[in-house]
Each structure stands twice: as structure tokens, then as C-alpha cells.
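Accompanying notes for the structure given below.
The values are calculated or read from the model by the stated rules, or taken from the named source; none is laboratory data. What you see is a predicted model; the values in this text were computed from it and never measured. Counting neighbours? That spans all protein chains shown, and the Cβs are built from the backbone with ideal geometry, glycine included.
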Amino acid sequence: MQFSERASFCKNFLAKQLLTLMDEKKTNLAFSVDVTNCQSLLELADLIGPEICVLKTHIDILNDFTIDFTKKLVHLAKKHHFLIFEDRKFADIGNTVKQQYQGGMYRIADWADIVNAHSISGPGVIEALMYPGLTKQRGLLMLAEMSSKNNLTDAIYAQKTLEMAEQFPEFVIGFISQRKLSNNPNWIYFSPGIQLDPGKDELGQQYVTPHTAITHHQTDIIIVGRGILQADDPLAEAKKYREAGWKAYLSTN
Ligand code: 5IU
């Protein structure tokens, strides 16, 4: 089924928007812009923005964060038609994550279209994010599986995460996982641990190719960080990942 056909199965507005955007823009590439200063992040977002459906941030690694920076980022997201995903991985009790989402210095709920949460603390984490999130038309990804070596997210954990998400289809848009978890077409799968050359890094990260992730593991969105960031020409490299991801998607349809 094409992304745009799947949109009608989604109960969350942002999920519909993302699936439609992917088919219109012809990209299932998410860029993980893991840099440590605001100017570099904005320049990369402007450069790579036309190639991607989602820009993934780690706001807490920036050493010169300001709220003004988030306004500029939102402006670039509108200019290039991508969604912003803050990879915050909320993991505390509901009352705490609610404050981490809305408040503090980052005010994540004000600018991030998508955030993610671990299922380890139970459904309270989803409820806590859902009430502020839905009023701003946001979406949530649940962390069902990780890409790193010897992690604890086994098949039972992933299955229980799926069952937890199934209780909140109006807010949960899908999963961070290494593979498709359900036949329900409403869920969107985002997979990190992607490089054109499979392998690993020195701290446990494990890579598969865009083709393997999409064709064999049936995920939807490939998340690429250093594969693009560390290239001599990040834009040319992003175009390669975009093409590889899209070709794999078309081959499954
Ligand atoms: N990320 C992973 N694996 C995971 C999850 C998140 O790599 O299981 I959940 C994040 C970490 C980093 C990006 O921000 O995705 C991948 O970056 P590289 O492509 O540079 O490895």
C-alpha cells in the first residue's frame, strides 16, 4: 500500500500529514542532524531540507540553544516541507515527562511535531504527553526496538510496546523499530542504524542498508545521521540516501 493510501487509516492528523507529504515529496529519508551548535544545525536543515520528510534533532546536545533558534528551525521546516522530530526519548513517570515536554528551557512541545518515548514506564507516559500534544496537533513515536548491540528490547518488549500503543491511536503515530511490527497500515516505522555500507561504530551502533531496512525489514522511514553528516558533500550524500530509500519503497509497492 502506498503511503498516501495508508493516511486514511490514521487517527492522528500529523500521521496523515506525514504519509501524504512523503508521497508528494517522494522521500522517506529522515536526517538526524546531530551537531552541537545552532548555526550549523540551521545551515544543514536549509541545505538538506529539500531531500527529507523529517529532520531529527537532539536539542540537548546544542551548546548555544536559544528559543529564537527554534523559531528559525520551524521557519525552515515550513519552507522545505519537513516535520521536526525531537529524539528526546521520554522515559520517566507521566508527571515528570509532562513538564519535560512542555517546560524547561527547551519548551519542546512548542516546536517539535514529533517526539518519542520509551514504553518502560508504562502507558502513563503516553497519557502525559497526549493532552498537551494533541492540542498542538503533535504525534508520538514509541520506542519498540533499538539499533544498538545487545540492547534489551527483545521481541516480547516490542510486542508489549505495540499493545500499549494500540490503546492510543489518536496520538501514537508509530514506532522507532528495526522492523514492521503489525499488519495495521496506520503505524509508521522509523528506523535508525542506517548506512549505505553496513557495519557498526565503536560504541555499539549497528548499521543496515536502506534496502535491507525497507525491503527485508519492511520499515518506512530511514533515519541517517553520520552517513550524511560525515560525508565530504552532505547534500550529494543525502540525495544518495533519498534515492536508495525511495527506490526500495517503490520496489515494495
Ligand atoms: N538512534 C539510534 N538508534 C536507536 C535510537 C535512536 O541510532 O535505536 I531509539 C539515534 C541516535 C542518533 C541517530 O541520533 O539515531 C543515528 O545516528 P547515526 O546514523 O549517526 O548512527
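Observations
- Qualifying residue in the stretch 39-61 (condition: crowded, with 21+ Cβ neighbours inside 10 Å, in contact with a strand residue (DSSP E or B) (Cβ under 6 Å, 6 or more places away or on another chain) and of a type in the set (Ser, Thr, Tyr)): yes
- Tally of residues being in contact (Cβ under 8 Å) with a residue 40 or more places away in the chain and either within 16 Å of Arg226 (Cβ to Cβ) or within 12 Å of the ligand (Cβ to nearest atom) (or both) across the stretch 27-43: 7
- Selection within the stretch 44-73 - among the charged types (D, E, K, R) and more than 17 Å from Val224 (Cα to Cα): Asp60, Asp64, Asp68, Lys71, Lys72
- Yes/no for Val172 being hydrophobic (A, V, I, L, M, F, W, C) and touching a His at 6+ places or on another chain (Cβ under 8 Å): no
- Taken over the stretch 193-222, residues that are within 8 Å of the ligand (Cβ to nearest atom) and surrounded by fewer than 24 Cβ atoms within 10 Å (Cβ to Cβ) amount to 5.
- All positions within the stretch 81-107 that are more than 17 Å from the chain's Cα centre (by Cα) and surrounded by 14 or more Cβ atoms within 10 Å (Cβ to Cβ): Asp92, Gly94, Thr96, Val97, Lys98, Gln100, Gln102, Tyr106, Arg107
One line per residue, one yes/no per condition, for (1) closer than 23 Å to Thr96 by Cα; (2) under 18 Å from the mean Cα position of the chain (by Cα); (3) loosely packed, with under 14 Cβ neighbours inside 10 Å:
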residue	(1), (2), (3)
Leu141	yes, yes, no
Ala155	no, no, yes
Gln178	no, yes, no
Ser191	no, yes, no
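- Within the stretch 122-129, not a single residue is part of a loop (DSSP other than H, G, I, E, B), of a type outside the set (Phe, Trp, Tyr), at pLDDT 95 or above and surrounded by 21 or more Cβ atoms within 10 Å (Cβ to Cβ).
- The number of residues in the stretch 83-117 that are free of Cβ contacts under 8 Å to residues at least 60 places away in the same chain and outside any strand (DSSP E or B) comes to 22.
- Filter pass, Asn12 being under 15 Å from the mean Cα position of the chain (by Cα) and crowded, with 22+ Cβ neighbours inside 10 Å: no
- Flag if Gln178 is of a type outside the set (A, V, I, L, M), within 13 Å of the ligand (Cβ to nearest atom) and touching a helix residue (DSSP H, G or I) at 6+ places or on another chain (Cβ under 8 Å): yes
- Verdict on Lys160 being more than 15 Å from the ligand (Cβ to nearest atom), of a type in the set (D, E, K, R) and in contact (Cβ under 8 Å) with a residue 60 or more places away in the chain: no
- Total residues in the stretch 52-94 satisfying the condition of being basic (Lys, Arg) and within 16 Å of the ligand (Cβ to nearest atom): the figure is 3.
- Single condition His58 does not satisfy, out of (1) within 17 Å of Ile223 (Cα to Cα); (2) without any contact (Cβ under 8 Å) to a residue 24 or more places away in the chain: (2)
- Among helices (runs of 4 or more DSSP H) entirely within the stretch 1-75, having at least 2 residues that are touching a Leu at 6+ places or on another chain (Cβ under 6 Å) and modelled with pLDDT of 95 or more singles out 3-6, 38-48.
- Matching option when the condition is within 16 Å of the ligand (Cβ to nearest atom), over 17 Å from Leu181 (Cα atoms) and touching a strand residue (DSSP E or B) at 6+ places or on another chain (Cβ under 6 Å), among Ala112, Ala144: Ala112
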